[in-house]
Amino acid sequence: MTLFTRRSIIIGAPALLAGCDKVVQNPTARAILFKGEDMHRGLQRALTDRGALAREFSADQRSPIFRSNGTRDPGTSEYAALAAGKFTDWRLRVGGLVAHPLSLTLSDLARLPNRAQITRHDCVEGWSAIAKWQGPTLGAVLKAAGLRDAARYIVFTCADLYGGAPYYESIDLVDAFHPQTILAWALNDRMLPIANGAPCRLRVERQLGYKHAKYLMRIDAVASLADIGKGRGGYWEDNVDYDWYAGI
Ligand SMILES: Nc1nc2c(c(=O)[nH]1)N[C@H]1C(S)=C(S)[C@@H](COP(=O)(O)O)O[C@H]1N2
Ligand SMILES: [Mo]
């Protein structure tokens, strides 16, 4: 079977991986899918690798400061009002292809199953920093909302505008349910600062920095990315040709 090389599976076919996620959790489907031909071995390896944890560090390995990059303050009047109220009026809307749309406060996020992790952030511009992040797993939020069968991607819409349109990003369901994918509201044991995405930002630890959407306002489950922005799944993907899957 030479239709798919390992490279095309990992880099060229994120939709295939996303579509396979549910299949792969079913033991019978697994047996059929992974029955030993090269293509199947490659696919199995790709999926196994995608589930691996990012390295975690100890508290004393943290960087002295965690710098800010991209937007440092969304600067809109809506965001300024939310910040002035210490984000008590902020709501994270969870919608799209879900059975129960949600509108979550910061305290709702803190009450869901939370995870804390000390990880290294790698920015494509050439800097890295290690910090501790805490927040509910995205998986717990999506479980509460109840994903519909047609959902394939999770889209994150932010409060900051680039050329009049919100910054946005998207990931597939493999990353959405990865145990280290969290909606972080704390950085180094303090409420997330505005410069780093207050009141809540995505951490998707197996991917580069630009995927970690700050200033979250909405999360939507969708079947396709084609009708969002310019259709490539994120602000940078649409405008400067960054890869949609920015695995590290
Ligand atoms: N909403 C939003 N999210 C964003 C950005 C941004 O400009 N706006 N920049 C991205 C980039 S390129 C990086 S490296 C990280 C920087 O996160 P930090 O400001 O906490 O260092 O956020 C990412 N998420
Ligand atoms: Mo970045």
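The values are calculated or read from the model by the stated rules, or taken from the named source; none is laboratory data. These figures come from a predicted structure and were not determined experimentally. Here Cβ is always computed from backbone atoms with ideal geometry, including for glycine, and neighbour counts include all displayed protein chains.
Given the criterion within 14 Å of ligand 1 (Cβ to nearest atom), out of contact with any Cys (no Cβ under 8 Å at 6 or more places or on another chain) and not polar (S, T, N, Q), identify the matching residue among Phe66, Phe57, Phe87.
Values: Phe57 fails: within 14 Å of ligand 1 (Cβ to nearest atom); Phe87 fails: within 14 Å of ligand 1 (Cβ to nearest atom).
Only one candidate qualifies: Phe66.
Within region 160-194, how many residues turn out to be closer than 17 Å to Thr119 by Cβ, surrounded by 20 or more Cβ atoms within 10 Å (Cβ to Cβ) and not aliphatic (A, V, I, L, M)?
Selection size over region 160-194: 4.
List the pairs whose first member sits in region 210-232 and is touching a residue at least 40 places away in the same chain (Cβ under 8 Å) and within 16 Å of ligand 2 (Cβ to nearest atom), whose second member is of a type in the set (D, E, K, R) and outside any loop (DSSP other than H, G, I, E, B), and whose Cβ atoms are under 6 Å apart, counting only residues at least 6 apart or on separate chains?
Pairs that qualify, where the first residue is touching a residue at least 40 places away in the same chain (Cβ under 8 Å) and within 16 Å of ligand 2 (Cβ to nearest atom) and the partner is of a type in the set (D, E, K, R) and outside any loop (DSSP other than H, G, I, E, B), are Lys211/Glu169; His212/Arg203; Ala213/Glu169; Lys214/Arg201; Tyr215/Asp160.
Identify, from the list Leu147, Leu202, the residue that is hydrophobic (A, V, I, L, M, F, W, C), touching a strand residue (DSSP E or B) at 6+ places or on another chain (Cβ under 6 Å) and within 15 Å of ligand 2 (Cβ to nearest atom). Write out each step before concluding.
Details: Leu147 fails: within 15 Å of ligand 2 (Cβ to nearest atom).
The unique qualifying residue is Leu202.
For region 84-97, which residues satisfy the criterion of being more than 17 Å from the chain's Cα centre (by Cα) and either under 29 Å from Ala59 (Cα atoms) or buried (at least 19 other Cβ atoms within 10 Å of the Cβ) (or both)?
Across region 84-97, the qualifying residues are Lys86, Phe87, Trp90.
Does region 175-194 hold any residues that are among the aliphatic types (A, V, I, L, M) and either more than 10 Å from the chain's Cα centre (by Cα) or at pLDDT below 95 (or both), and which are they?
Once the filter is applied, which keeps residues that are among the aliphatic types (A, V, I, L, M) and either more than 10 Å from the chain's Cα centre (by Cα) or at pLDDT below 95 (or both), region 175-194 yields Ala184, Ala186, Leu187, Met191, Leu192, Ile194.
With respect to the numbered conditions (1) near ligand 1 (Cβ under 10 Å from one of its atoms); (2) surrounded by 23 or more Cβ atoms within 10 Å (Cβ to Cβ); (3) free of Cβ contacts under 8 Å to residues at least 60 places away in the same chain, which one is the sole condition not fulfilled by Trp236?
(2)
Hey, can you tell me all the residues within region 56-70 that are within 13 Å of ligand 2 (Cβ to nearest atom) and exposed (fewer than 15 other Cβ atoms within 10 Å of the Cβ)?
Result: Arg67, Ser68.
Would it be correct to say that Pro113 is within 15 Å of the chain's Cα centre (by Cα) and either within 22 Å of Glu205 (Cα to Cα) or away from ligand 2 (no atom under 16 Å from the Cβ) (or both)?
On the way: within 15 Å of the chain's Cα centre (by Cα): no; either within 22 Å of Glu205 (Cα to Cα) or away from ligand 2 (no atom under 16 Å from the Cβ) (or both): yes.
Taking the combined requirement at face value, the residue does not satisfy it.
What number of residues within region 195-215 are within 11 Å of ligand 1 (Cβ to nearest atom), buried (at least 20 other Cβ atoms within 10 Å of the Cβ) and within 11 Å of the chain's Cα centre (by Cα)?
Residues flagged as within 11 Å of ligand 1 (Cβ to nearest atom), buried (at least 20 other Cβ atoms within 10 Å of the Cβ) and within 11 Å of the chain's Cα centre (by Cα) within region 195-215 amount to 10.
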